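Trainee: Got a structure for you, questions after.
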Amino acid sequence: MMPVNISESKTPRWEARADLIVLGSGVAGLTAALRARELGLRVLVVTKAEVGDGNTRWAQGGVAVVLDGEREEGDSVARHAADTLTAGGGLSEPAAVRAILDRGPAAVSRLRARGARFDPSAEGPGLARTREGGHSAFRVIHAGGDATGAEVERALVTTAAGRRVPVLERHIAVDALRTPLGEVAGVTVLDPAGVPGVLRAPALLVATGGLGQLYQATSNPEVATGDGLALALRAGALAADVEFVQFHPTVLYTPGARGRCPLVTEAVRGEGAVLVDGAGRPVMHGVHPLGDLAPRDVVSAAVTRRMARAPGGIDDHVFLDATGIPGFARRFPTVHAACRAAGVDPATEAIPVTPAAHFACGGVVTGTDGRTEVRGLYAAGEVARTGLHGANRLASNSLLEGLVLGERAAAAVAADLAAGLLPDPRHGRPPASEVAPVAQRDRLQRVMSRYAAIGRDADGLAVVGSVLDLSARESPMWTPEAVEDAALTLIAGALVAAAARRTESRGCHVRTDFAERDDAYWRRSQLIRLSPSGQPVLADPVPANKAVCA
Ligand code: SIN
């Protein structure tokens, strides 16, 4: 195809229709698409990369779930819920936690029926189970040792192909179509040649994953640029808890690494590895009763503090000593391969590790059925804020959430369609303006990593705010890069505003100038929506005992 002349690219040149458009082809998106097909809907999946290129396939540790007849003695969904609430630092919504975790075993059964194969136990019948940070029991099932996400994605992609679910690859969503009543009725997209088109549908499900690319180093792939959250905000949706970005304590450290860094799954600590500093001293000793298996926010903050003290002159990484784990290469083939590629042999030497941006605990406000406040707009997976994660997600709860929410969102769309609640897609119009503020990506990542990662303060957050104010330029969203950069810029502004106002430390939000948790006031979620001029605006925080989404 001919390259597109930018001056011509405003007018959509092609159009397609469906009952449900799903943005994203990770666990939540494909689960929703498959369920929607089963419910008789015409569904179209749109992904800006290739199907299977999202965050899901990089997930290592597993799926946290308490299965009937295959659980550790004394474990229960109630205990899993209690661990989730503890990790969530007082901001998870108990009703949402129960609603999602209760449905976990059935969602995993359906995934297995779609062909996903989990690792069998070596000790008897049933599945192997491991433990990760914050879990009080061995309840994390896994596949391919440490390749759980890849297996989940493989099963879903294969099933979707077998059932002929249509997928538009290398198409990036730009903006929602909206009716005069403000409902969402489809989306504008750019095809691989940059040609604009319109996809009309009474329902749009955003399942685009996270925003790790806001930072210089992340466990997330290149596609994790927050596009879905930005699109939903511009479509009138509410976001919450966006200041809580979870940093994984252990990605493989290599000097000067940027972009996606290989994860060293927490399950390595679950099976006995220990974090040590450059002088060989344990990092987690005396920090938390669960030691190396403390919740992830606690471990990441402890690693960051230890690096700041620079024992042995090492200030940008610590080490994970996994030399005591027998058969490391067999149990953790993905981690082992990444280590060997970096010249490290985990069987004989400690693995150099450092924290990196990993998971957005907040996002588009939804119920546990994916419905947002905006009619016609649904969200599921990492982009959604259901109330499960609170201020810090419990390890391996995200694949489970994607499975449950994907199923539930498809059912919600089918029910809303049958009840005549959804808009007529013919009335959807693209937004009047196609321009958005765009900051230079490298610069944004640099200031976000320096001032809005683990350890924030008012002055640093103000620096990010002024970089955004002074350097962002209004740009048309006519290329995939511009769409991504506009999303990163918008989300950075929202995140920094929420982080600056939260004058306490809680979960993944660590303020060096407000080191204590303030339950008297801050046991609240911060809500954000866009002003008519497109600026993120904070609403009054909502107490944690009130559901954000009715
Ligand atoms: C890990 O395997 O450590 C990551 C799993 C997760 O983020 O839930």
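The values are calculated or read from the model by the stated rules, or taken from the named source; none is laboratory data. Being a predicted model, the structure only gives us computed values, none of them experimental. Here the Cβ positions follow ideal geometry from the backbone for every residue, glycine too, while neighbour counts run over all protein chains shown. Accessible surface areas use protein heavy atoms only, side chains included; no ligands, DNA or RNA. Shrake-Rupley method; radii C 1.70, N 1.55, O 1.52, S 1.80 Å.
Trainee: Mind telling me which of the residues Ala230, Ala235 ends up being over 13 Å from Val45 (Cβ atoms), touching a helix residue (DSSP H, G or I) at 6+ places or on another chain (Cβ under 9 Å), buried (at least 24 other Cβ atoms within 10 Å of the Cβ) and not aromatic (Phe, Trp, Tyr)? Working first, answer last.
Mentor: On the way: Ala235 fails: touching a helix residue (DSSP H, G or I) at 6+ places or on another chain (Cβ under 9 Å).
That would be Ala230, the only listed residue that is over 13 Å from Val45 (Cβ atoms), touching a helix residue (DSSP H, G or I) at 6+ places or on another chain (Cβ under 9 Å), buried (at least 24 other Cβ atoms within 10 Å of the Cβ) and not aromatic (Phe, Trp, Tyr).
Trainee: Just to be sure, is Ala347 over 26 Å from the mean Cα position of the chain (by Cα) and surrounded by fewer than 21 Cβ atoms within 10 Å (Cβ to Cβ)? Show your work before the answer.
Mentor: On the way: over 26 Å from the mean Cα position of the chain (by Cα): yes; surrounded by fewer than 21 Cβ atoms within 10 Å (Cβ to Cβ): yes.
Yes: the conditions hold for Ala347.
Trainee: Turning to a different aspect of this structure: So which helices (runs of 4 or more DSSP H) are wholly in segment 288-407 and hold at least 1 residues that are within 14 Å of the ligand (Cβ to nearest atom) and among the hydroxyl-bearing types (Ser, Thr, Tyr)? Outline the logic, then answer.
Mentor: Values: elements: 296-309, 328-331, 333-341.
Hits in segment 288-407: 296-309, 333-341.
Trainee: Please list, ordered by first then second residue, the pairs with beta carbon atoms under 7 Å, 6 or more apart or interchain, first in segment 172-195 and on the phi > 0 side of the Ramachandran plot, second at pLDDT 95 or above and among the basic types (Lys, Arg).
Mentor: Note: pairs meeting the criteria are Gly186/Arg200.
Trainee: Collect the residues in segment 257-281 that are more than 16 Å from the ligand (Cβ to nearest atom), open to solvent by 60 Å² or more (accessible area, probe 1.4 Å) and over 24 Å from the mean Cα position of the chain (by Cα), keeping them in residue-number order. Break it down stepwise before answering.
Mentor: We begin by selecting, within segment 257-281, every residue more than 16 Å from the ligand (Cβ to nearest atom); these are 257-259, 276-281.
Remaining after also requiring open to solvent by 60 Å² or more (accessible area, probe 1.4 Å): 258, 279, 281.
The answer is Ala279, Arg281.
Trainee: Could you run through segment 130-154 and say how many residues are in contact with an Asp or Glu (Cβ under 7 Å, 6 or more places away or on another chain) and open to solvent by 30 Å² or more (accessible area, probe 1.4 Å)?
Mentor: Total satisfying the criteria: 3.
Trainee: Quick check on Gly186: is it modelled with pLDDT of 95 or more, touching a Lys or Arg at 6+ places or on another chain (Cβ under 6 Å) and either more than 30 Å from Ser505 (Cβ to Cβ) or surrounded by fewer than 24 Cβ atoms within 10 Å (Cβ to Cβ) (or both)?
Mentor: Values: modelled with pLDDT of 95 or more: yes; touching a Lys or Arg at 6+ places or on another chain (Cβ under 6 Å): yes; either more than 30 Å from Ser505 (Cβ to Cβ) or surrounded by fewer than 24 Cβ atoms within 10 Å (Cβ to Cβ) (or both): yes.
Against the criterion (modelled with pLDDT of 95 or more, touching a Lys or Arg at 6+ places or on another chain (Cβ under 6 Å) and either more than 30 Å from Ser505 (Cβ to Cβ) or surrounded by fewer than 24 Cβ atoms within 10 Å (Cβ to Cβ) (or both)), Gly186 qualifies.
Trainee: Also: Going residue by residue through segment 413-430, is there one that turns out to be open to solvent by less than 20 Å² (accessible area, probe 1.4 Å), of a type in the set (A, V, I, L, M, F, W, C), without any contact (Cβ under 8 Å) to a residue 40 or more places away in the chain and part of a helix (DSSP H, G or I)?
Mentor: Looking through segment 413-430, none of the residues is open to solvent by less than 20 Å² (accessible area, probe 1.4 Å), of a type in the set (A, V, I, L, M, F, W, C), without any contact (Cβ under 8 Å) to a residue 40 or more places away in the chain and part of a helix (DSSP H, G or I).
Trainee: Working only within segment 464-495, note down all residues that are touching a helix residue (DSSP H, G or I) at 6+ places or on another chain (Cβ under 8 Å), within 21 Å of Gly209 (Cβ to Cβ) and of a type in the set (A, V, I, L, M, F, W, C).
Mentor: Selection gives Met477, Val483, Ala486, Ala487, Leu488, Leu490, Ile491, Ala492, Ala494, Leu495.
Trainee: Another question, if that's okay. Tell me the residue from Val140, Val152, Val174 that is more than 16 Å from the ligand (Cβ to nearest atom) and modelled with pLDDT of 95 or more, please.
Mentor: Details: Val140 fails: more than 16 Å from the ligand (Cβ to nearest atom); Val152 fails: more than 16 Å from the ligand (Cβ to nearest atom).
Criteria check complete, one pass: Val174.
Trainee: A further question follows. Determine whether Val97 is in a helix (DSSP H, G or I), buried (at least 24 other Cβ atoms within 10 Å of the Cβ), in contact (Cβ under 8 Å) with a residue 12 or more places away in the chain and within 14 Å of the ligand (Cβ to nearest atom). Spell out how you get there, then give the answer.
Mentor: Values: in a helix (DSSP H, G or I): yes; buried (at least 24 other Cβ atoms within 10 Å of the Cβ): yes; in contact (Cβ under 8 Å) with a residue 12 or more places away in the chain: yes; within 14 Å of the ligand (Cβ to nearest atom): no.
For Val97, the condition - in a helix (DSSP H, G or I), buried (at least 24 other Cβ atoms within 10 Å of the Cβ), in contact (Cβ under 8 Å) with a residue 12 or more places away in the chain and within 14 Å of the ligand (Cβ to nearest atom) - is not met.
Trainee: Follow-up. Given the conditions (1) open to solvent by 10 Å² or more (accessible area, probe 1.4 Å); (2) in contact with a Phe, Trp or Tyr (Cβ under 7 Å, 6 or more places away or on another chain); (3) among the small types (Gly, Ala, Ser), which single one is not true for Ala458?
Mentor: Every listed condition holds for Ala458 apart from (2).
Trainee: Considering only residues that are buried (at least 18 other Cβ atoms within 10 Å of the Cβ) and over 16 Å from His288 (Cβ atoms), which ones fall in segment 80-89? Please lay out each step first, then the result.
Mentor: Here is the first cut: in segment 80-89, the ones buried (at least 18 other Cβ atoms within 10 Å of the Cβ) are 80-81, 83-85, 87-89.
Of everything in segment 80-89, those that are buried (at least 18 other Cβ atoms within 10 Å of the Cβ) and over 16 Å from His288 (Cβ atoms) turn out to be His80, Ala81, Thr84, Leu85.
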